[in-house]
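Reading through the structure tokens given below for one structure.
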Amino acid sequence: MSVPDCTELLHLLDALEHCTADDLESQFLDFKPWQGPKEDLRVACEYASCFANGSGGVVVFGASDKVRGRAQAIHGAAGYDLDMFRKGIYAGTKPGIDAEIIELRVPEGTGTVLAVRIPEGTQKPYGTVSGMFKQRIGKNCMPLDPAVFLRTQISTAAVDWSGAPAAGVTISDLDPLQIERARQILRSKAPSSGLIELPDQAFLEGLEAIRAGYITHAGMLLFARREVLARHCPQAQFHYVFHDSETTVARNDLDRLPLLEAVERMDQIFSGPINPEKEIEIGLFKLRIPQFPLEGVREAVLNALTHRDYLNPGEVLVRHSAKELVVTSPGGFIDGITPENILRHEAVPRNRTLANALVKLRLVESSGIGRRRIFRSALVYGKRRPEYSTDGHSVTLRIFNQGAHEALARLIARLDAQGADVGLDQLLVLDALRSQDYIDTAQAAEVLQLPRDDARRVLDAMCQPPLHLIERKGHTPAATFHLSKGVAKDLKGKAAYTRTRGLNPVRYAEMVREYLKDHREIKNRELRELLGLGDSQSAQVEASRLLKKWSSPTGFLDRHGAGNSIFYVSRNSS
């Protein structure tokens with residue numbers, strides 16, 4: 001749904017013959033009766049600010065919204081001056097809104113209705129000069145508190161809270177130990193960085209912890225003493241819970257820590273015995289597989305701390321058990337990011353200044369590849385794919401410890417040692433094929449979060465040396481892909497490849513004839529079940545092709561029915 005254009009408005013006016021204008025109103029459209037230029041200019045200013053605070057919209061003047069019947073509802077507008085009406089809206093709103101005023105010719109009433117089209121604003125929030133602020137909620141204009149609106153802008157990353165001055169925080173409130181911690185991190189990750197040897201003031205300015213002489217919120221989160229954080233940003237709470245069973249808690253750390261110290265604490269925890277490793281042999285070498293890969297844990301915690309909504313009173317919660325690691329961060333996804341595209345969507349930092357500081361410290365990547373690292377760090381050991389979810393108010397990431405798949409870990413380690421590039425895309429496909437026999441392009445596109453053409457290229461490349469991880473079955477766009485012989489044997493057992501490849505197609509017709517001895521008819525679904533083709537779109541196409549072949553003039557089947565009721569019987573029994 002979007003703002004209707006003039007043609008669409010005229011069609012909507014036709015609909016008044018069968019419904020009321022109120023029935024047609026939406027987030028982008030409102031109808032108002034014409035009361036006169038002066039009174040309706042006031043209404044136009046109110047609705048202009050309302051729509052500008054949303055996604056834009058249009059108000060049609062000259063139609064009663066509670067009357068059914070076009071002739072009865074449309075009475076038209078009169079006595080106005082288009083230029084004065086437009087100027088009046090601009091002067092009556094703050095910031096001024098440049099609305100488009102359009103005359104629509106109609107046979108009823110005065111012969112003209114006015115459509116006032118308002119674009120989405122770029123300097124929100126908007127209000128009337130009398131101080132009225134509203135926003136469009138559904139089909140109503142509801143009161144809007146400018147402070148609440150600012151809060152919304154911050155939570156959706158339209159405004160960078162982390163770059164704003166931290167009121168009441170001075171440089172004396174910063175902890176020298178935290179500043180030295182940042183230097184040590186930079187020395188270990190980028191020893192040639194020009195920031196390292198700068199004096200404290202310049203070092204902090206380089207990280208934008210200080211901007212224009214003020215400590216920013218980012219500077220406070222990174223370097224403030226704990227008591228300063230507790231006083232000025234009590235919501236910056238970090239909570240780690242370790243469950244040693246389903247009903248008991250072995251560790252429960254609740255604190256307000258400078259961000260770098262919180263990350264370091266998680267590194268220490270997951271580098272210790274609380275996160276045990278399992279060793280598997282690969283030739284002369286040993287591969288260590290932790291319950292939760294440290295790289296994935298670090299990225300998950302950094303993402304939660306960097307992109308959380310710091311105006312939300314919630315806390316960053318890390319809940320740890322032998323089965324899973326659950327990281328919950330206050331604030332929903334930024335507009336446009338969903339669990340279904342999170343691996344591909346460009347990074348949209350809610351706290352840009354804070355994110356930039358961590359990029360300069362080499363703790364995160366500006367390209368947003370941290371999310372992909374979280375997935376790869378699990379899948380490379382054959383662990384279950386991590387899962388993101390949101391309720392609109394928080395984001396939850398689950399990383400699972402469902403036992404490593406040793407054969408897959410060995411396979412990936414061996415290919416890596418040979419210089420073959422086994423990236424996240426290949427791991428995602430292998431993960432899908434561990435639980436199903438086939439994958440087609442449509443399924444791969446969903447798994448990879450890619451367009452179909454790109455997914456097909458990934459699949460085709462996996463069929464080729466040096467990877468040769470999968471094989472293709474079929475030569476049409478409906479082709480399916482399955483594990484190659486050696487990979488299927490390693491990952492699923494000796495019989496897996498034969499089972500996946502299926503029976504020799506020469507025997508398909510024989511199986512159908514046997515089936516029809518016990519059952520009078522066969523349908524597409526029943527054929528797929530009989531041959532073990534599955535329920536994918538490509539399987540349906542393959543079954544249709546076989547049935548068409550067998551019901552040709554030289555075949556052994558007769559086709560009956562139409563549409564979804566098509567079935568086939570033996571030719572000698574029809």
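The values are calculated or read from the model by the stated rules, or taken from the named source; none is laboratory data. Just so you know, these numbers come straight off a predicted model, no measurement behind them. Cβ: placed from backbone, ideal geometry, glycine included. Neighbour counts: every protein chain shown.
The selection criterion, being outside any loop (DSSP other than H, G, I, E, B), assigned by TED's automatic domain parsing to the domain that holds Val318, of a type in the set (D, E, K, R) and farther than 18 Å from Asn401 by Cα, holds for Glu264.
Every test in (1) within 27 Å of Gln178 (Cβ to Cβ); (2) crowded, with 21+ Cβ neighbours inside 10 Å is passed by Gln291 save one, and that test is (1). So, of the residues in segment 1-34 that are among the polar types (S, T, N, Q) and loosely packed, with under 13 Cβ neighbours inside 10 Å, which turns out to be modelled with the lowest pLDDT? In this case the residue turns out to be Ser2.
Only one of (1) without any contact (Cβ under 8 Å) to a residue 60 or more places away in the chain; (2) not in a helix (DSSP H, G or I) fails for Ala432. Which number is that? Exception for Ala432: condition (2). When Glu205 is tested against (1) over 17 Å from Val364 (Cα atoms); (2) in contact with a strand residue (DSSP E or B) (Cβ under 7 Å, 6 or more places away or on another chain), only condition (2) is not met.
Considering segment 527-565, the residues that are assigned to a loop (DSSP other than H, G, I, E, B) and surrounded by 14 or more Cβ atoms within 10 Å (Cβ to Cβ) include one that is nearest to the chain's Cα centre (by Cα), namely Ser536. All conditions but one from (1) under 22 Å from the mean Cα position of the chain (by Cα); (2) more than 27 Å from Asp535 (Cα to Cα) apply to Asp453; the one that does not is (2).
Counting only residues that are charged (D, E, K, R) and within 21 Å of the chain's Cα centre (by Cα), which one in segment 308-360 is surrounded by the fewest Cβ atoms within 10 Å (Cβ to Cβ)?
The residue in question is Glu346.
Given the condition surrounded by 15 or more Cβ atoms within 10 Å (Cβ to Cβ), in contact (Cβ under 8 Å) with a residue 60 or more places away in the chain, charged (D, E, K, R) and in the same structural domain as Tyr80 (by TED's automatic domain parsing), answer yes or no: does some residue in segment 47-66 qualify?
For segment 47-66, residues surrounded by 15 or more Cβ atoms within 10 Å (Cβ to Cβ), in contact (Cβ under 8 Å) with a residue 60 or more places away in the chain, charged (D, E, K, R) and in the same structural domain as Tyr80 (by TED's automatic domain parsing): absent.
Looking only at residues in segment 392-430 that are modelled with pLDDT under 90 and among the acidic types (Asp, Glu), the one that is farthest from Met462 (Cα to Cα) is Glu406.
Among the residues of segment 64-98, those identified as out of contact with any strand residue (DSSP E or B) (no Cβ under 6 Å at 6 or more places or on another chain) and within 24 Å of Leu24 (Cα to Cα) are Ser64, Lys66, Val67, Arg68, Gly69, Arg70, Ala71, Gln72, His75, Ala78. Does Phe285 meet the test of being modelled with pLDDT of 90 or more and under 19 Å from Val380 (Cβ atoms)? When the stated conditions are applied, Phe285 does not pass them. For Tyr438, the criteria (1) among the aromatic types (Phe, Trp, Tyr); (2) outside the structural domain of Ile289 (by TED's automatic domain parsing); (3) closer than 30 Å to Arg350 by Cβ hold in every case but one, which is (3).
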